Amino acid sequence: MAIISKTVETQSTPVAADLTKTTAPAERQIKLEAKLKRARDLMAKGEYQLALGVLPAANQDIEVRNICAVCLMRMNRFKEAIGLLRTVTLNTQINRVREDVADHIRINFAIALFFGGQPAGGLEALQEIDRENDSSVIMLREQTRRWVSQMTFWRRLDWRMSRIAPRTLPVPPDAPLGKCFWDVA
């Protein structure tokens with residue numbers, strides 16, 4: 001659990017919205033670590049909705065938001081995951097993925113975009129991340145190839161030339177999507 005402590009301590013944003021401000025920072029950190037451990041255990045059992053309920057509502061911690069987004073992606077609620085990850089991964093001034101965000105979070109954002117109805121945006125976000133050997137990137141590239149191969153000639157041409165996605169969007173694989181910080185340690 002040392003990684004959790006290090007991750008939470010380095011964040012400059014509030015740790016948890018549901019914890020009172022009178023609680024000492026160390027005490028808030030311990031409460032958050034317990035919630036993260038509980039969420040991890042629930043996610044390992046495939047109980048993603050319960051894991052979401054364990055985590056503090058409206059938390060501004062980047063890793064907590066990522067964990068919530070991973071739960072949403074694993075329940076095929078990609079548009080909600082995009083909303084959670086957009087605020088932490090996207091620099092809205094220049095409309096680019098922020099480089100100071102951990103790679104696994106940026107990759108999760110690309111996955112959410114790709115399967116959440118914005119495949120061109122997902123692939124564009126993925127281009128900005130130099131992690132071609134990452135298993136999630138490999139999976140997304142393979143899903144893209146499979147999806148494009150199912151298009152008609154004219155749809156494929158339209159996709160390749162102008163990135164206009166056909167009505168039939170990519171279907172997510174059966175394998176769990178997204179990574180949390182404990183998956184990349």
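The values are calculated or read from the model by the stated rules, or taken from the named source; none is laboratory data. Since the structure is predicted, the reported quantities are computational estimates derived from the model, not experimental observations. Note that each Cβ is placed from the backbone with ideal geometry, even for glycine, and that neighbours are counted across all protein chains shown. Ligands, DNA and RNA are stripped out before the accessible areas are found, and what is left, the full protein with its side chains, is counted by its heavy atoms. Shrake-Rupley method; radii C 1.70, N 1.55, O 1.52, S 1.80 Å.
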Cβ pairs under 9 Å, 6+ apart or interchain, first in the stretch 146-162 and on the phi > 0 side of the Ramachandran plot, second among the small types (G, A, S) and exposed (fewer than 10 other Cβ atoms within 10 Å of the Cβ), ordered by first then second residue, are none
Identify, please: which residue in the stretch 82-100 is at pLDDT 85 or above and hydrophobic (A, V, I, L, M, F, W, C) and is, among those, nearest to L123 (Cα to Cα)?
-> I82
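Which residue, of V184, V97, is open to solvent by less than 40 Å² (accessible area, probe 1.4 Å) and touching a residue at least 24 places away in the same chain (Cβ under 8 Å)?
Working: V184 fails: open to solvent by less than 40 Å² (accessible area, probe 1.4 Å).
Step by step, each of V184, V97 is checked, and only V97 is open to solvent by less than 40 Å² (accessible area, probe 1.4 Å) and touching a residue at least 24 places away in the same chain (Cβ under 8 Å).
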Report, by residue number, each residue of the stretch 22-72 that is outside any helix (DSSP H, G or I) and modelled with pLDDT of 90 or more.
-> K45, G46, E47
Can you find a residue in the stretch 80-87 that is among the β-branched types (V, I, T), more than 15 Å from the chain's Cα centre (by Cα) and open to solvent by 10 Å² or more (accessible area, probe 1.4 Å)?
-> no
Name the single residue, out of those in the stretch 142-161 being open to solvent by less than 60 Å² (accessible area, probe 1.4 Å) and part of a helix (DSSP H, G or I), that is nearest to M75 (Cα to Cα).
-> Q143
Condition met for G53 (on the phi < 0 side of the Ramachandran plot and over 15 Å from the mean Cα position of the chain (by Cα)) | yes
Members of the stretch 129-141 that are within 19 Å of L84 (Cβ to Cβ) and either open to solvent by 40 Å² or more (accessible area, probe 1.4 Å) or not in a loop (DSSP other than H, G, I, E, B) (or both) | S136, L140
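Residue under question is V101, and the condition is that it be outside any loop (DSSP other than H, G, I, E, B) and under 15 Å from the mean Cα position of the chain (by Cα); does it hold? Step through it out loud before you land on a result.
Working: outside any loop (DSSP other than H, G, I, E, B): no; under 15 Å from the mean Cα position of the chain (by Cα): yes.
No, not satisfied.
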Find all pairs meeting these conditions: Cβ atoms under 7 angstrom apart; at least six residues apart or on different chains; first residue within the stretch 167-179 and in contact (Cβ under 8 Å) with a residue 40 or more places away in the chain; second residue open to solvent by less than 60 Å² (accessible area, probe 1.4 Å) and of a type in the set (F, W, Y).
-> P170/F114; P170/F115; P170/W147; P172/F115
